[in-house]
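**Student:** Please find one structure pasted underneath; my questions will follow.
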């Protein structure tokens with residue numbers, strides 16, 4: 001089982017979010033026990049921006065998360081879906097092409113996506129298995 005990891009889950013855990021940190025950490029551990037954890041370039045870049053260069057490699061290595069480059073097929077799918085989103089008036093929303101790259105990577109190159117943003121990915125990537133951290137008590 002290959003689980004692609006979304007930035008929201010990494011931020012929750014690595015930055016110690018008081019509400020989502022524990023559920024995201026538990027979900028990461030469970031997914032790791034079931035197989036390989038991967039993060040694509042946009043997730044890696046967003047995480048780097050949020051936690052800094054020195055800590056990034058060690059933090060993701062400690063979590064057992066592997067860098068997984070986006071294939072041409074995944075990039076083309078992301079571009080097509082983002083263009084459709086924009087054509088339907090999506091430019092007013094807070095979605096950028098990176099969100100579509102993350103979803104396409106998970107759909108094409110992994111078995112599922114671990115994210116707290118499950119609604120968006122279920123809407124735009126209906127075939128994608130989405131795993132969401134359990135809600136905090």
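The values are calculated or read from the model by the stated rules, or taken from the named source; none is laboratory data. Predicted model only: the values in this text are computed from it and were never measured. Here Cβ is always computed from backbone atoms with ideal geometry, including for glycine, and neighbour counts include all displayed protein chains.
**Student:** Among the numbered conditions (1) closer than 25 Å to residue 34 by Cβ; (2) crowded, with 22+ Cβ neighbours inside 10 Å, tell me where residue 78 comes up short.
**Tutor:** Of everything listed in (1) closer than 25 Å to residue 34 by Cβ; (2) crowded, with 22+ Cβ neighbours inside 10 Å, residue 78 misses just condition (1).
**Student:** Looking at residue 90, is it modelled with pLDDT under 95, more than 15 Å from the chain's Cα centre (by Cα), under 17 Å from residue 41 (Cβ atoms) and surrounded by fewer than 18 Cβ atoms within 10 Å (Cβ to Cβ)?
**Tutor:** So residue 90 fails the test.
**Student:** Here is a further query. Please name all residue pairs, on different chains or six or more residues apart, with Cβ atoms under 9 Å, provided the first residue is in the stretch 68-96 and is under 21 Å from residue 6 (Cβ atoms) and the second residue is at pLDDT below 95 and exposed (fewer than 10 other Cβ atoms within 10 Å of the Cβ).
**Tutor:** 85/91
**Student:** OK, next. Which residues, taken from the stretch 126-137, are touching a residue at least 40 places away in the same chain (Cβ under 8 Å) and either surrounded by fewer than 16 Cβ atoms within 10 Å (Cβ to Cβ) or assigned to a loop (DSSP other than H, G, I, E, B) (or both)?
**Tutor:** Scanning the stretch 126-137 gives 132, 133, 134, 135, 136.
Every residue, every condition in (1) touching a residue at least 24 places away in the same chain (Cβ under 8 Å); (2) in contact with a helix residue (DSSP H, G or I) (Cβ under 8 Å, 6 or more places away or on another chain); (3) over 17 Å from residue 10 (Cβ atoms), yes or no:
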position: 23; (1), (2), (3): yes, yes, no
position: 33; (1), (2), (3): no, no, yes
position: 41; (1), (2), (3): yes, yes, no
position: 46; (1), (2), (3): yes, yes, no
position: 50; (1), (2), (3): yes, yes, no
position: 61; (1), (2), (3): no, no, no
position: 100; (1), (2), (3): yes, yes, yes
position: 110; (1), (2), (3): yes, no, no
position: 113; (1), (2), (3): yes, yes, no
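**Student:** Here is a follow-up. Condition test on residue 72, is it at pLDDT 95 or above and under 19 Å from residue 128 (Cα atoms)?
**Tutor:** So residue 72 fits the description; yes.
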